[in-house]
Amino acid sequence: MEGMYINHIAVFVCAVANLGLGALWYSPALFFRAWQSENKLSDEDLKKVNPAKTYGLAFLFSLIISYNLAFFLGDDKTDWVWGTTAGFLAGFGWAAMIFAIIALFEMRSWRYILINGGFIVVYFTLIGFVLGIWR
């Protein structure tokens, strides 16, 4: 593991970025109503959510995702171009594709797949960029 470098602050920022990007992506300005409709969730259903549990676990899982990508990009030759490319490839080629396969078997709509799969691709690309540039 010689030449391996993990910027732990960047990893933490990438985990926080998941919550920030999610707040924008799933906001009324972008995809909230479409997402809510595709999931058949009422406003009352959403009021029942335990925010501490949901955001706490989301942050923990985002931290795991960010560390995982940081280890893949840990080579000291990694730069923002490779980080962004690797983030996109991981997001699109792995994460969004397995999400789409699961959603197909759950008989979800293409709209549902594109809203959530799009978030996955954008998020992975963003954290790849952050991890690549913040060496």
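No value in this document is a laboratory result; all are computed from the given coordinates. Source: prediction; values computed, not measured. Using ideal geometry, Cβ is built from the backbone for each residue, glycine included, and neighbour counts are taken over all protein chains shown.
Over segment 1-77, consider all pairs of different Cα atoms and compute the Kirkwood hydrodynamic radius from their mean reciprocal separation; express it in Å, one decimal.
Radius from the Kirkwood sum: 14.4 Å.
Which log10 I(q)/I(0) values, to two decimals, does segment 56-135 give at q = 0.12, 0.13, 0.16, 0.18 Å⁻¹ under the Debye formula with one point per Cα?
-0.36, -0.42, -0.60, -0.72
Provide, for q = 0.27 Å⁻¹, the log10 of I(q)/I(0) from a solvent-free Debye sum over equal Cα point scatterers in segment 32-98.
Listed by q, the Debye log ratios stand at -1.12.
Nearest 0.05, what FRET efficiency do Ala29 and Phe71 give at R0 = 25 Å with Cβ-Cβ as r?
About 0.15, to the nearest 0.05.
Work out the length of the dipole vector of the chain about its Cα centre, built from +1 on the beta-carbon of each Lys and Arg and -1 on the beta-carbon of each Asp and Glu, and round it to the nearest 20 debye.
So the magnitude is around 360 debye.
Normalised by the empirical 2.2 N^0.38 Å for globular proteins, what value does the Cα Rg of the chain take?
For the chain, the normalised Cα radius of gyration is 1.13.
Using a cut-off of 13 Å between beta-carbons, work out the net charge of the residues near Lys77 (Lys and Arg +1, Asp and Glu -1, Lys77 not included). Could you put the intermediate results ahead of the total?
Working: positive: Arg135; negative: Glu2, Asp75, Asp76, Asp79.
Computed value for this residue: -3.
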